[in-house]
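Everything below concerns the one structure shown next.
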Amino acid sequence: MELFWHRRDLRVADNVGLAAAAGTDAGDGAGDDDRADDEARGDDADRGPAAPVFVFDPDVLDHASDVRVRRLLDGLAALREDYRERGSDLLVARGDPEAVLPRLAEALDAERVVWNRDYSGLARERDAGVRRALAAVDVAREAHHDAVLHDPDAIRTNAGDPYSVYSYYWKKWTDRAKEDPAPAPTGEGLVGADRLAEAVDAVDWGDSADAVADGGGADQGGGADAGIVTTDASVGDLPTPGDLGFSEPDAAVGPAGTAAARERLDTFLDEAVFAYEAERDYPGREATSRLSAFLKYGEIGVREAYAATEEAMVEAESDARPDDAPEQVEEFQGQLAWREFYTQVLFHNPEVVTENYKTYEEGIEWRDDPEEIAAWKRGETGYPIVDAGMRQLREEAFMHNRVRMIVASFLTKDLLADWRHGYDHFREHLADHDTANDNGGWQWAASTGTDAQPYFRIFNPMTQGERYDPDAEYIKKYVPELRNLDADLIHGWHELSPTQRANAAPEYPSPIVDHSERREAALAMYKRARGED
Ligand code: FAD
């Protein structure tokens, strides 16, 4: 018997650690030692069955938001159904994993606790604590590479250093062989629901509730204040957001779970992928996969997603598709590689969560005007494409990639505000918030990150809107004040006189800053920071 600890891998299929714990991966290579750490690796033939558990950890909830708690609960409900269909269930525990996991392992008589690696600094610290707690009670532990196709140490420069330039990373990433999806366990590889219920009844929580209340993060501020101060577990009982100290979000967070992820991927690979490169920058078109939240919560395995793109590539290379179809599919595979690039940046540089990647940019004197930042957050800057993006974020807990770049450039290079304000806001409102990707995106926009492009890349919000939303479809969808205006008027909003604006759309604000002036101010700010003025 083994305990499988779900974290950001809320799926049964193509789950490397789960397949190993359930004994499903024997003989197919998915459980090779290079994908597991070397602690107490078992003989595949003797593995399983696995008892799956998710632990609501107060320290993790301290960094969560209404949107993400809702999205997480939806993902867990879908995961639970997938287990129930297999005659098993999901153990749901609350408390510090260091207290919870050893006790659950004991009650289940599990010889091993298995999980998939999470690469952020905080997650690694947590996992080190769990390892120590399990070692203290003589329970074996095993961690697998699962969240990415190539683990963060696997791809390095010829000199042995981690990559800091995506284009070189991509070259190596794309040349490397990819693993097949890990097989999903059947009911035989999983502990039955009745046995799980018996184990939960048998757990001796001892003084762990006090330990969590004293040492955990429940009383350290953040959304989890009203949340977990006890340690407990149940079979399949999911808490409400209120139980965890959160509220229902205003935004619609979208569907969750493996079935919904597969449906979305299939739909995208049926048609849109063959025009992905050409169309992906237009926010008014449904040209991207919208898989990001599914990938973030691990509701679809990245090996499965990649294998599906390889099938699309076969079709792209057939006569049925235009000559440039293979490049379009490859561009999409390139986005999966961006995700892995930023994962390895975070893994090798955990401090980037709060610090600039380029240390020589530390001296930037951000302007940080609270009113301007607040207008940006509300989507009331008077720059239509920026405001549409910020409102999409509030309504859908999502924003189109091109628009993320535009609003991030606007915050840092028009408002001259520290990228960390934007990162925190995105972290609160994005359902797909992923520490590595979000941070990578923000530091790229602020020219403090890994990007080879220097600081003088400053997006012009008017020309960006005109180019990528020519008919203003996207803008009109999220900015109702502008719905009755012609696209020309919308894209020329900054050039209108106050009277013209008042006549055209009295509810919509005038631009809060002058882009040309701020562009010059931004260039001067970066030059000063770099000692170039
Ligand atoms: P698609 O275009 O269909 O791409 C497929 C997948 O590839 C995405 O789901 C995502 O997993 C990955 N991907 C795509 N673009 C990128 C990228 N530039 N960097 C890393 N991975 C990428 N992505 C997140 O997943 N979470 C975030 O918190 C996040 N924050 C961002 C913040 C900023 C300022 C910027 C500029 C980008 C951010 N991105 C983030 C990257 C990108 O905007 C989203 O992944 C994308 O918009 C999601 O839509 P999609 O699934 O339709 O993407």
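The values are calculated or read from the model by the stated rules, or taken from the named source; none is laboratory data. These numbers were taken from a predicted model, which means no experiment stands behind them. Because the Cβ atoms are built from the backbone with ideal geometry, glycine has one as well, and the counts that use them run over all protein chains shown.
Whenever a residue of segment 251-278 is closer than 22 Å to Arg80 by Cα, its partners that are modelled with pLDDT of 95 or more and more than 14 Å from the ligand (Cβ to nearest atom), lying with C-beta atoms within less than 6 angstrom and at least six residues away or across chains, give the pairs Val253/Arg70; Ala256/Asp74; Ala256/Gly75; Ala256/Ala78; Gly257/Ala78; Thr258/Arg11. Considering (1) under 26 Å from Pro454 (Cβ atoms); (2) touching a strand residue (DSSP E or B) at 6+ places or on another chain (Cβ under 6 Å), say which one Arg141 fails and leave the rest. Unmet condition: (1). If you go through segment 312-334 and keep only what is among the polar types (S, T, N, Q), within 16 Å of the ligand (Cβ to nearest atom) and free of Cβ contacts under 8 Å to residues at least 60 places away in the same chain, you end up with just Gln328. Taking the conditions (1) part of a helix (DSSP H, G or I); (2) within 9 Å of the ligand (Cβ to nearest atom) in turn, Glu428 satisfies each one other than (2). When Val137, Val113 are checked against the criterion of being surrounded by fewer than 21 Cβ atoms within 10 Å (Cβ to Cβ), within 17 Å of Thr231 (Cβ to Cβ) and not acidic (Asp, Glu), Val137 stands alone in meeting it.
Looking only at segment 464-473, decide whether some residue is part of a helix (DSSP H, G or I) and either within 9 Å of the ligand (Cβ to nearest atom) or modelled with pLDDT under 95 (or both). No - not one qualifying residue is present in segment 464-473.
Filter segment 478-525 for residues that are of a type in the set (A, V, I, L, M), in a helix (DSSP H, G or I) and under 29 Å from Arg367 (Cα atoms) and give the result. Ile490, Ala521, Ala522, Leu523, Ala524, Met525, listed by residue number. Check segment 374-391 and report whether any residue there is among the aliphatic types (A, V, I, L, M) and surrounded by fewer than 18 Cβ atoms within 10 Å (Cβ to Cβ). Within segment 374-391, one or more residues are among the aliphatic types (A, V, I, L, M) and surrounded by fewer than 18 Cβ atoms within 10 Å (Cβ to Cβ). Screening segment 374-400 for residues that are more than 13 Å from the ligand (Cβ to nearest atom) and among the aliphatic types (A, V, I, L, M) and picking the one that is farthest from Glu279 (Cα to Cα) gives Ala374. When the criteria are applied in full, Thr309 meets the requirement of being modelled with pLDDT of 95 or more and not assigned by TED's automatic domain parsing to the domain that holds Arg126.
In segment 335-358, is there at least one residue being within 16 Å of the ligand (Cβ to nearest atom) and among the acidic types (Asp, Glu)? The answer is yes, given that some residue of segment 335-358 is within 16 Å of the ligand (Cβ to nearest atom) and among the acidic types (Asp, Glu). For segment 417-440, residues that are out of contact with any helix residue (DSSP H, G or I) (no Cβ under 6 Å at 6 or more places or on another chain) and under 18 Å from Gly389 (Cβ atoms) total 4.
Flag: Val69 matches the condition of being outside the structural domain of Asp432 (by TED's automatic domain parsing), hydrophobic (A, V, I, L, M, F, W, C) and closer than 30 Å to Val352 by Cα. Would you mind stating whether Val403 is buried (at least 20 other Cβ atoms within 10 Å of the Cβ), in contact (Cβ under 8 Å) with a residue 60 or more places away in the chain and within 15 Å of the ligand (Cβ to nearest atom)? Yes.
Restricting attention to segment 105-153, the residues that are under 19 Å from Trp205 (Cβ atoms) and not in a helix (DSSP H, G or I) add up to 5. Of everything in segment 7-44 that is part of a helix (DSSP H, G or I) and not acidic (Asp, Glu), the residue that is modelled with the lowest pLDDT is Arg35.
Filtered by the rule that a residue be near the ligand (Cβ under 9 Å from one of its atoms), more than 16 Å from Leu411 (Cα to Cα) and small (Gly, Ala, Ser), segment 434-459 gives a lone residue, Ala436.
Quick grid of which residues meet (1) among the aromatic types (Phe, Trp, Tyr); (2) part of a loop (DSSP other than H, G, I, E, B):
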{"position": "Glu248", "(1), (2)": "no, yes"}
{"position": "Ala251", "(1), (2)": "no, yes"}
{"position": "Ala259", "(1), (2)": "no, no"}
{"position": "Val273", "(1), (2)": "no, no"}
{"position": "Tyr276", "(1), (2)": "yes, no"}
{"position": "Tyr282", "(1), (2)": "yes, yes"}
{"position": "Ala287", "(1), (2)": "no, yes"}
{"position": "Thr309", "(1), (2)": "no, no"}
{"position": "Met313", "(1), (2)": "no, no"}
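Of all residues in segment 163-182, how many are farther than 19 Å from Gly334 by Cβ and not acidic (Asp, Glu)? Within segment 163-182, residues that are farther than 19 Å from Gly334 by Cβ and not acidic (Asp, Glu) number 2.
When we screen Ala193, Ala224, Ala211 for residues that are farther than 30 Å from Pro322 by Cβ and either basic (Lys, Arg) or at pLDDT 95 or above (or both), the only hit is Ala193.
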